[in-house]
Every structure is written in C-alpha cells, then in structure tokens.
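Below is one structure; the comments refer to it alone.
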C-alpha cells in the first residue's frame with residue numbers, strides 16, 4: 001500500500017518509516033554538527049532520535065490494538081529485473097512491532113546509560129574526541145535493526161541483517177588500537193564479522209533458493225505459497241530452512257558459529273548490552289519466528305533447529321561456570337539463553353520464544369549495564385588507589401572477578417539491580433525470567449523429553465554460575481586495592497539500570513499464565529500458535545532447580561568466601577580436568593584455529609606466494625623481460641653504420657631475385 | 001651485337017657498383033659507385049630501346065640523368081655540411097644513430 | 001658479326017669493366033673520379049653504337065661534364081683523405097664479396113634461363129633518335145615528367161645552396177639548428 005492508502009487504514013500507520021529515519025536523522029545531525037554540541041548535546045540528540053523511534057513504535061502498537069491485521073507500507077520500488085521485483089516496504093504487524101518496541105525501548109535506556117558511561121570511558125582510554133563517533137554508530141545500529149524487523153521481504157531483511165553486522169564490527173572495534181598488544185580489539189571485530197559472514201552465506205543461499213522456488217522474496221506471498229511448494233518439492237523447503245539455520249547460528253551465536261560473541265566483549269559495555277544481548281543477536285530468533293510458515297512444513301528441519309538450540313544452551317552454560325571475566329560469564333550466558341529461544345521457535349512454540357526474547361532483553365541488558373557500572377567503579381577505585389601508590393601498571397584488569405569482592409557495600413544500588421537481574425535470569429518466581437523460561441520448558445516437555453532434560457540442566461547451570469558471579473563480585477571481602485576504593489556510579493548510569501530492573505521484575509506480566517496478553521497479541525501474525533498452558537509440575541521443578549543451583553553456589557563460594565585474588569577456584573579440585581576444560585571454553589577456538597584457520601592461511605600464503613607472485617607475476621614480468629631481451633637482441637643490428645644497412649638492403653635484393661629466379 | 005652482350009655488361013657494372021657501395025668508406029667513392037649503377041641501368045634502357053625500336057627508353061635515360069644530377073648536387077652539399085661539423089668524411093664515424 | 005666489330009665491342013667492354021674496377025679499388029679519390037670519367041666516355045661510345053647520339057652527347061655533357069666536375073670540386077674541397085685499409089665492421093668484406101658473387105650468378109642464371117639472349121636487334125635508322133624526335137616525344141607524351149623533373153632540379157639547387165650556407169652570426173636560421181644538431 002502507498003502512504004495515502006495506508007492512512008486510510010489507520011493514520012498512525014503512516015509513521016512507520018520514521019522508525020528508520022529518525023535514528024538516521026539523529027546520526028546525521030551528530031555527524032555534521034556534533035562537535036559543536038558537546039557531549040551532553042550529542043547524547044541528547046542520539047537519545048531523542050531513539051526515543052522518537054520508541055514513540056512511533058508505541059503509536060503503532062496502539063494502532064494495531066484497533067486494526068490487528070496490520071498493513072504493509074510500500075515506500076519505493078528498489079529494483080525490478082525481469083521477473084524479480086523487490087520494494088522498500090514496511091510491514092506493520094504485531095511481531096514486527098513487538099521487536100520494534102524491544103529494540104527502541106531497551107536501546108533508549110542504553111543510550112541514556114552510555115552518556116554517563118562513555119564520558120568516563122573515553123577519558124580512561126585517552127581520546128575524548130571519540131565520544132561522538134560512539135553515538136553515531138549506535139544510531140546507525142538502531143536504524144539498521146529497524147530496517148531488519150520492519151521489512152516486508154527477505155532482501156530488505158538481509159540489508160538490515162548485514163547492516164547490524166557492520167555496526168557490530170564498528171562498535172566492537174571501537175577502541176581498535178587498544179587490547180592485548182594493540183590489535184586484540186580489532187581482531188575481535190574482524191572475527192565477529194568473518195564468522196557472521198559464514199552465517200550470511202547460508203542465509204544468502206536460502207534467499208537464492210527462495211527466489212528460485214517461489215519466484216518472489218515477499219513474506220506474504222512466500223508464506224501463502226509455502227504449503228503448495230512443500231507438497232511439490234519438499235527437499236527445496238528443507239534446504240531453505242537449513243541454510244537459514246546456518247545464518248541464524250551465525251547471527252545468534254549458536255553452535256558452531258558462536259565463537260565470536262565472547263570475543264565481542266572487547267567492545268565497550270553498552271555495546272555488549274545493546275547488540276550482543278538484547279537486539280542484534282535476537283535477529284536470528286526473529287527470522288525463524290517470522291518464517292514459521294516454512295518451518296512448519298518440514299518437521300525434520302524443526303528438529304535440527306531444536307537440537308542445535310538445546311545443545312548450545314547446555315554447552316555454553318557449562319563454559320560460563322569456569323570463566324573469570326565478568327563480561328565473559330554474561331556472554332556465555334547470552335549464548336545459552338539464545339539457545340533457549342532458538343529451541344523454542346524451533347519447536348513451534350513461537351510465543352514462548354518471543355516472550356523469552358523480550359524478558360531476556362530486559363534482564364540481560366540490565367546485567368551487562370550493571371557489569372559496566374561495576375567495571376566503572378573498579379576503574380575509579382584503581383585510579384584512586386594508585387594515585388597514592390606509584391604510577392598504575394597495565395596488568396590490572398578491571399573486569400577480572402577474582403580481583404573484586406565485597407562491592408555490595410561500596411556500590412549498593414548497582415548491587416540491588418544486579419541481584420534482581422541475576423535472579424530473573426536464574427528463573428526465580430515471580431520475576432520475569434521465571435515465566436518465560438517456564439513456558440519454554442513446558443513446550444519442551446511436551447515435545448521431547450531429551451530436550452527437556454537438556455534445557456533443565458542448562459537452567460540449573462544458569463542458576464549456579466549466576467550465583468557464583470554474585471558471590472564473587474558482591475559478597476565477601478574486597479580482594480584488591482581497586483575494589484576497596486570502588487565507588488558508586490553517577491545517576492545517568494544508574495537510572496536506566498533501575499528502569500530495567502523494574503522491567504525485569506514486572507515483565508512477566510506480559511504473558512502471565514492467566515492473561516496471555518502476548519499470546520493474543522502475536523496470534524494475529526503467527527498462524528497456528530499453540531496455546532501455552534501452565535503446567536504446575538514443570539513450574540515447580542524449574543523453580544526447584546533454580547533454587548538448588550543458587551544453594552550449591554552458596555555452598556561452594558559463599559560459605560568460605562574467597563579472600564585472595566590468586567586463590568584457586570574452589571571447583572578446581574573436585575572437578576579437576578573438567579574445570580580446566582571449562583575454563584578454556586572446551587578449546588573450541590583452538591580447535592577452529594587448527595582445523596580451519598591454519599590450513600586456510602597456508603592456502604592463502606601458497607596462493608599469494610607461489611601462485612600470485614610466482615606464476616602470475618612471473619608470467620607478466622616474464623613477458624616484459626622477454627620483450628626486453630628480444631629488443632636487446634635486435635638492438636645489435638642497429639649498429640649505426642650506414643654500410644651495414646646498405647648490406648642489409650643488398651641482402652634483401654638478392655633474396656628477392658632468388659625468389660624470382662626460382663619461381 | 002646480341003642483347004646478351006649489353007645485358008652482361010650492365011650486370012657487371014651494376015655488381016661493381018654494389019661492391020663499391022658496400023666496401024668503401026669514403027662517401028665520395030660511394031656516390032661515384034652509385035653513378036656507376038645508374039649508368040648500367042641507362043645502358044640497358046638504351047639497348048632495349050634500340051632492340052624494340054621504341055624511343056621511350058632513351059627518353060627515360062634523359063630523365064635518369066637529370067635526376068641523378070639533382071641527387072648528386074644535394075648529396076655533395078650534405079657531405080660538405082657534415083664535413084664542416086665532423087671534420088672527417090669517414091662513413092663509419094657517422095654512427096650516432098646507433099641503437 | 002665481323003671481326004672488326006667483335007674487336008671493337010670487346011675493347012669497349014673491357015675498358016668499361018677495367019675502369020669500373022679501377023673506381024672501386026682506387027685509394028685516391030681523384031683517381032677514382034678519373035676512372036669514372038673514362039667509364040662514362042666509353043659508355044657514351046656504346047650509346048652511339050646503339051643509335052642514340054643525343055643521349056650519348058647528353059651523357060658526356062651532363063655526366064662527365066658537370067657531375068664529375070662537381071665531384072672533383074668537392075674532392076678537392078674536402079682534402080680527399082686517405083682512409084685506413086682495415087675494415088672496422090666485422091664480416092662486411094666477406095659478406096659484400098659473397099653478395100657480389102651471388103648477384104652475378106643469379107642475374108646470369110636469370111638471363112640464361114628466362115631470356116632469349118642471343119638475338120640481336122635490327123640496326124636502327126639514323127633519324128631514329130634525333131633531337132627533334134626526342135623533343136617531340138618529350139613535350140607531347142612526357143610533358144608532366146618533364147615539368148616535374150624541372151621542379152626537382154629547382155629543389156635540388158635551392159637545397160644545395162641552403163645546406164651549405166654559413167648563417168650570419170646575428171640571424172637565427174634553421175641552418176643553425178642543423179649545424180647545432182649535427183654537432184652533438
């Protein structure tokens with residue numbers, strides 16, 4: 001529909017392009033006149049842009065409450081090549097508006113947080129001028145993410161997909177000259193981009209197959225034709241869904257392409273919160289949720305998705321137990337929770353998956369921002385402590401949990417919100433995480449016992465490592481001078497934390513077992529949503545498991561708190577070799593390095609050295625030198641003597657006459 | 001006299017002219033050898049003109065002579081000009097176009 | 001073919017050849033020039049025998065009379081230096097002699113195999129080639145080449161004058177460029 005027609009359906013629907021264009025406007029303003037605005041101005045513009053996008057999303061939600069089928073707004077025709085046509089069109093329906101609300105809402109809070117956080121961070125890293133660049137990138141990310149969730153066809157979704165990948169690269173490598181020996185951050189950014197590319201390759205193949213089989217890339221048309229094509233060529237749909245799964249494993253960090261997310265923690269903490277916890281990584285879950293019509297046709301593919309998600313959930317949870325960096329624990333936790341979501345949408349429990357996506361956005365963002373607050377506090381403490389001592393040394397790592405402890409007393413507000421977030425993540429009722437995780441577990445119980453066991457084990461480990469983290473960071477005595485002198489963060493940093501904490505506590509209301517608000521909301525878009533029920537036994541088991549996990553953590557880490565920062569982890573002795581494996585993340589990176597990276601580098605070196613420099617350059621240079629040597633040979637005949645030239649002429653004459661004689 | 005006499009004489013004169021051009025380093029001798037070659041051609045022209053009773057051959061000799069005269073004039077002027085700068089007329093010294 | 005004519009033509013031919021050899025082997029340029037003059041004269045005699053008196057006298061006047069005189073002037077102008085015998089260019093002598101022999105052989109072969117060399121032409125009448133007939137032919141059929149030849153002679157004259165003049169010191173003539181470039 002065009003802009004005019006859609007105004008007839010509902011006037012608010014016209015506003016949908018603004019979700020993309022307001023952030024773009026924000027970034028343009030910051031880019032062009034940002035320097036003159038000062039830090040407060042830059043942050044204000046960026047946050048206002050995101051707030052505008054959030055306001056538009058709210059208005060769209062209100063409109064959808066009245067016109068629940070939604071609509072499609074076609075802004076312009078992108079390209080028409082023969083039979084293939086693709087438009088820049090926005091799809092307004094409950095699923096996309098839900099994502100818009102999550103992205104812009106959490107994004108807004110993170111923008112406000114970043115004003116305070118980056119103010120400290122750019123000074124800690126020594127480049128105050130880079131403040132503006134951060135907010136430009138953040139707005140760019142919001143814009144691309146909006147393109148992704150509001151698109152009406154797979155190609156525009158892919159544009160957003162790639163765009164958020166780009167912003168992820170830019171933001172991970174924000175401090176590109178810092179990190180271990182000056183290149184670690186840049187390498188992490190590169191790793192994220194390359195691994196995502198592998199996933200994108202899968203998604204591209206899926207797009208090609210989609211066009212080949214369906215003749216179009218538009219959502220509505222494809223989902224209408226899906227049953228017919230599935231009956232005609234089931235192998236095609238299977239291939240499409242499996243290749244899409246490859247893209248999902250890349251973007252949403254599932255097995256085997258999850259390795260970029262822990263390294264991505266090299267970016268500033270707001271980046272980790274926004275992109276790698278709340279929004280970008282959920283793009284894969286959104287894709288599967290959107291394409292339910294395709295997955296429903298191929299139960300085998302659904303199984304694959306389910307198992308990939310469940311395996312990832314368990315695998316990542318085990319690794320999180322052995323990590324010492326506060327952000328790495330949260331990173332592996334994200335991977336694990338994404339596994340929960342992917343399992344859910346793979347099983348067909350789309351509502352459960354989207355519900356968990358929303359609540360996870362709340363408390364994971366809260367946890368990351370809280371971790372950022374902790375890190376800020378410890379950095380301040382370090383600067384403080386070393387002002388009295390000698391000049392600070394670089395081996396101090398503000399993110400290492402072994403150097404923290406007892407921060408409960410020094411940063412009380414951060415402690416409370418972090419506690420709430422951790423409990424929500426662990427799945428303690430009546431916080432938000434309990435309801436969403438419980439829905440997934442119920443669905444898993446009905447679908448497959450093996451999956452249910454795997455997910456429950458992952459939930460147990462989740463509670464355990466969050467308890468471990470809480471106890472190591474906030475309880476006990478400070479284990480380093482920095483922690484002793486840590487201070488609470490400013491209001492600009494703590495206020496968004498409070499809002500997110502409230503959302504984490506009360507977010508469960510979105511889909512309480514009795515009211516099922518989210519479910520009815522999403523029903524309009526997703527056909528065939530299985531209604532979720534509340535099974536008391538499953539709920540009690542999950543609550544019990546979570547409490548057990550926390551209790552175990554207290555047993556190991558709480559009763560005799562660690563008192564020194566180089567004391568070995570209490571789990572090391574009982575688990576021994578297993579703990580070493582967990583600490584080293586099952587050596588997955590090293591495995592990939594040996595199997596993939598090293599042979600590939602060898603091939604690249606071979607191609608560059610032997611083939612490119614040796615053969616091709618040799619060929620080209622050889623031709624040049626051949627011409628040169630030929631020229632030098634013939635140069636000897638240019639003697640400059642008139643008489644030898646005359647000789648040559650006479651030779652020619654004699655030859656011609658010979659020919660004439662013999663003819 | 002049979003034609004072979006004139007043809008043979010012409011051939012011998014021409015070949016001697018070639019020898020002179022290739023072997024001598026004095027450009028004046030070279031020019032004179034060239035005149036020898038011209039002459040051999042003229043002889044042949046006149047002989048065939050008499051053989052066929054056609055006057056055009058002799059006319060051609062006329063033209064050859066005038067052209068040879070013009071060429072000698074310019075050529076000798078060139079030799080004089082070169083002598084003015086190089087102070088020698090050895091042909092082998094004129095090799096600055098050596099590549 | 002009476003004995004007298006054989007003798008006559010034999011002597012004439014011999015003189016032509018010997019004077020030719022004399023030209024190409026003389027060390028002194030003046031001697032070479034004089035040999036060439038002898039050659040021209042003898043060839044003129046042959047022209048007369050072939051019934052071309054006009055051409056014969058033109059040969060004597062133009063070739064032997066003016067061209068050789070020009071040569072002699074220049075030889076005297078340039079000092080007629082004696083150049084060393086040794087041949088600096090490798091293989092030039094051998095190749096030249098080889099080519100000479102090859103050329104001779106080929107042309108002889110050509111004449112023997114293709115031509116009909118032994119025929120003799122019928123003698124020409126005395127008024128076959130008179131200045132009148134030559135003139136008629138020249139101005140009727142060959143008028144264009146005649147005029148062009150006149151142009152060529154004009155160009156040669158102007159060229160010869162231009163190439164050898166010494167420019168006045170204050171004038172930037174093209175001659176200066178020629179002189180400076182040949183000085184390099």
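Key figures
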{"item": "Unique residue being outside any helix (DSSP H, G or I), touching a residue at least 24 places away in the same chain (Cβ under 8 Å) and touching a helix residue (DSSP H, G or I) at 6+ places or on another chain (Cβ under 7 Å) when the list is A:257, A:246", "result": "A:257"}
{"item": "Any chance residue C:12 is more than 7 Å from chain B (Cβ to nearest Cβ), free of Cβ contacts under 8 Å to residues at least 40 places away in the same chain, over 22 Å from the mean Cα position of the chain (by Cα) and in a helix (DSSP H, G or I)", "result": "no"}
{"item": "Test: residue in segment A:452-459 that is more than 25 Å from the chain's Cα centre (by Cα), free of Cβ contacts under 8 Å to residues at least 24 places away in the same chain and on the phi < 0 side of the Ramachandran plot", "result": "yes"}
{"item": "Test: residue in segment C:83-102 that is more than 8 Å from chain B (Cβ to nearest Cβ), closer than 21 Å to residue B:20 by Cα, at pLDDT 90 or above and out of contact with any helix residue (DSSP H, G or I) (no Cβ under 8 Å at 6 or more places or on another chain)", "result": "yes"}
{"item": "Unique match (being free of Cβ contacts under 8 Å to residues at least 12 places away in the same chain and under 33 Å from the mean Cα position of the chain (by Cα)) among A:570, A:574, A:599", "result": "A:599"}
{"item": "So residue A:355, is it surrounded by 24 or more Cβ atoms within 10 Å (Cβ to Cβ) and either in contact with a strand residue (DSSP E or B) (Cβ under 8 Å, 6 or more places away or on another chain) or at pLDDT below 90 (or both)", "result": "yes"}
{"item": "Exclusive hit being on the phi < 0 side of the Ramachandran plot, buried (at least 18 other Cβ atoms within 10 Å of the Cβ) and more than 7 Å from every other protein chain (Cβ to nearest Cβ), set C:69, C:43, C:37", "result": "C:37"}
{"item": "Answer from A:480, A:487 - the residue that is buried (at least 20 other Cβ atoms within 10 Å of the Cβ), touching a residue at least 24 places away in the same chain (Cβ under 8 Å) and in contact with a helix residue (DSSP H, G or I) (Cβ under 8 Å, 6 or more places away or on another chain)", "result": "A:480"}
{"item": "Which numbered condition residue B:7 misses (of (1) more than 7 Å from every other protein chain (Cβ to nearest Cβ); (2) in a helix (DSSP H, G or I))", "result": "(1)"}
{"item": "Odd one out for residue C:64, checked against (1) surrounded by 12 or more Cβ atoms within 10 Å (Cβ to Cβ); (2) modelled with pLDDT under 85; (3) within 24 Å of residue B:35 (Cα to Cα)", "result": "(2)"}
{"item": "Yes/no for residue C:23 being out of contact with any strand residue (DSSP E or B) (no Cβ under 8 Å at 6 or more places or on another chain), closer than 11 Å to residue B:43 by Cβ, at pLDDT below 95 and within 7 Å of another protein chain (Cβ to nearest Cβ)", "result": "no"}
{"item": "Test result for residue B:40, at pLDDT below 95 and either in a helix (DSSP H, G or I) or more than 9 Å from chain C (Cβ to nearest Cβ) (or both)", "result": "no"}
{"item": "Evaluation of residue A:69 against (1) touching a helix residue (DSSP H, G or I) at 6+ places or on another chain (Cβ under 8 Å); (2) under 20 Å from residue A:523 (Cβ atoms); (3) surrounded by fewer than 20 Cβ atoms within 10 Å (Cβ to Cβ) (one fails), failing number", "result": "(1)"}
{"item": "Qualifying positions in segment B:83-98 - more than 7 Å from every other protein chain (Cβ to nearest Cβ) and not in a loop (DSSP other than H, G, I, E, B)", "result": "B:84, B:86, B:93"}
{"item": "Residues satisfying the stated conditions in segment A:246-295, i.e. more than 13 Å from the chain's Cα centre (by Cα) and over 28 Å from residue A:399 (Cα atoms)", "result": "A:246, A:287, A:288, A:289, A:290, A:291, A:292, A:293, A:294, A:295"}
{"item": "Which numbered condition residue A:28 fails, given (1) under 25 Å from the mean Cα position of the chain (by Cα); (2) free of Cβ contacts under 8 Å to residues at least 12 places away in the same chain; (3) closer than 18 Å to residue A:102 by Cα", "result": "(3)"}
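The values are calculated or read from the model by the stated rules, or taken from the named source; none is laboratory data. All figures in this text were calculated on a predicted structure; none of them were measured in a lab. Backbone-built Cβ (ideal geometry, glycine too); neighbour counts: all protein chains shown.
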